[in-house]
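Undergrad: Take this structure first; my questions come after.
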């Protein structure tokens, strides 16, 4: 006869499993219910926060509607007024930031400047309310209204255009306008519209007085300059004349990264050269100095780290020249060839080779018709003192790609004969004096 004891243990185990399953279901239900309560609380809180922000915006709009038209503006703005550009308000346990902007609008109904001799047709008010604290939705409440007056506004019209490297308009670019020569002074920051423009009728008139800067997050910066900064600036501070339009344009784009590597020359197998000093100069200019020489926008003496590297972030798109200051070293090649073109929103590696200084040397680059470096071209150089040497231009993965460095030399005229399979041979006479650089272009067969 079989014992019933195992059967009783089986029923007890089954009851325990049922209890655990029931407890798990209750935990899931409680968690879901708690999540629902939290979500509802967040939704209610966010809704209440936005309602409060809208109330603050409406209060500011109402305050502006009650001001005399002549006082309707922000402190340091165009037009000038009595309202601060930014205020902080504590309401319901949160801190709200109220930003106010007031600008003149040139309505196309009666034509626009310069055809419209009175382009300040009405004022447009924009109030942005953002907040910090428990309920931050990552957005702001924005209110816009227009207020008109029967009286005509004087002054000139400041027209600003911001575009990128492809001549496309840049929207939401931050444009700062400062003028300390008028009373009250102007100091405001506005954002460009979708067409990259800001139009400010009714601006106080003055000569070379509006300091304007255009930029954007992760973009380069373009601005006007005074004669104290540059003797003859290419883009001087703006002048406004009564009843006329002053147009100023700025070019900005995404910044890039330039990573620089300093190396020894080919005779030392391109080993790392630490702490190497060099000069990097951009092709863009901001005007001319007192001697009539161009003033580059970027011109800095830099130094690589003990690892022989230097990373330059936030660099503007431009064509850059790298040189080595006179001293212990001569430039023996760069990869890529100079000028180094840096495009917007890119990262570029730039390696340069240095050789021990000699009084006279020749850095010879060999390119095709497009200006691209040619590797493994034979460069045969003959000249004073029975000099006769052949060097092949560097490969694509070395710092002297497409170049041959001859050193030491004597000053005088040398003959360079270049040959490369697939190209027509070419011979050229090069006068060497000091650290000489030359480029020879080969034509395809």
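Undergrad: Suppose we filter 339, 344 for residues that are on the phi < 0 side of the Ramachandran plot, in contact (Cβ under 8 Å) with a residue 60 or more places away in the chain and surrounded by 15 or more Cβ atoms within 10 Å (Cβ to Cβ); which single one remains?
TA: None of the others qualify; the one that does is 344.
Undergrad: Regarding the range 178-189, can at least one residue be identified that is under 16 Å from the mean Cα position of the chain (by Cα) and at pLDDT 95 or above?
TA: No, because not a single residue in the range 178-189 is under 16 Å from the mean Cα position of the chain (by Cα) and at pLDDT 95 or above.
Undergrad: While we're looking at this one, here's another question. If residue 200 satisfies every condition in (1) in contact (Cβ under 8 Å) with a residue 60 or more places away in the chain; (2) in a loop (DSSP other than H, G, I, E, B) but one, which is the exception?
TA: (2)
Undergrad: Of the residues 425, 399, 359, 408, only one is at pLDDT 95 or above and out of contact with any strand residue (DSSP E or B) (no Cβ under 7 Å at 6 or more places or on another chain); which?
TA: 359
Undergrad: Okay, next question. Hey, among 280, 337, 258, 312, which residue is under 22 Å from residue 355 (Cβ atoms) and either assigned by TED's automatic domain parsing to the domain that holds residue 405 or assigned to a strand (DSSP E or B) (or both)?
TA: Unique residue meeting the criteria: 280.
Undergrad: Also: Quick check on my filter: what residues within the range 315-334 are in a strand (DSSP E or B) and more than 22 Å from residue 395 (Cβ to Cβ)?
TA: Matches in the range 315-334: 315, 318, 319, 320, 321, 323, 329.
Undergrad: If you don't mind, another one. Just wondering, is there one or more residues in the range 243-251 that are in the same structural domain as residue 197 (by TED's automatic domain parsing), out of contact with any strand residue (DSSP E or B) (no Cβ under 6 Å at 6 or more places or on another chain) and touching a residue at least 24 places away in the same chain (Cβ under 8 Å)?
TA: Yes, the conditions are met somewhere in the range 243-251.
Undergrad: Could you tell me whether the range 239-249 includes any residue that is assigned to a loop (DSSP other than H, G, I, E, B) and at pLDDT 95 or above?
TA: no
Undergrad: Inside the range 340-361, can you point out the residues that are in a strand (DSSP E or B) and more than 32 Å from the chain's Cα centre (by Cα)?
TA: 355, 356, 361
Undergrad: Okay, next question. Applying the selection to the range 284-297, what residues are assigned to a loop (DSSP other than H, G, I, E, B) and either surrounded by 15 or more Cβ atoms within 10 Å (Cβ to Cβ) or in the same structural domain as residue 232 (by TED's automatic domain parsing) (or both)?
TA: Listed by number, the residues that qualify are 284, 297.
Undergrad: Right, next: Of (1) modelled with pLDDT of 95 or more; (2) within 20 Å of residue 83 (Cα to Cα), residue 202 satisfies all except one. Which?
TA: (1)
Undergrad: For the range 45-74, enumerate the residues that are outside any helix (DSSP H, G or I) and surrounded by fewer than 17 Cβ atoms within 10 Å (Cβ to Cβ).
TA: Result: 66, 67, 68.
Undergrad: Quick one: in the range 81-106, of everything that is touching a strand residue (DSSP E or B) at 6+ places or on another chain (Cβ under 7 Å) and at pLDDT below 85, which residue is surrounded by the fewest Cβ atoms within 10 Å (Cβ to Cβ)?
TA: Residue satisfying both the conditions and the ranking: 105.
The values are calculated or read from the model by the stated rules, or taken from the named source; none is laboratory data. Small disclaimer: the values here were computed from a predicted structure and weren't measured. No Cβ is skipped: glycine too gets one built from the backbone with ideal geometry, and neighbour counts run over all protein chains shown.
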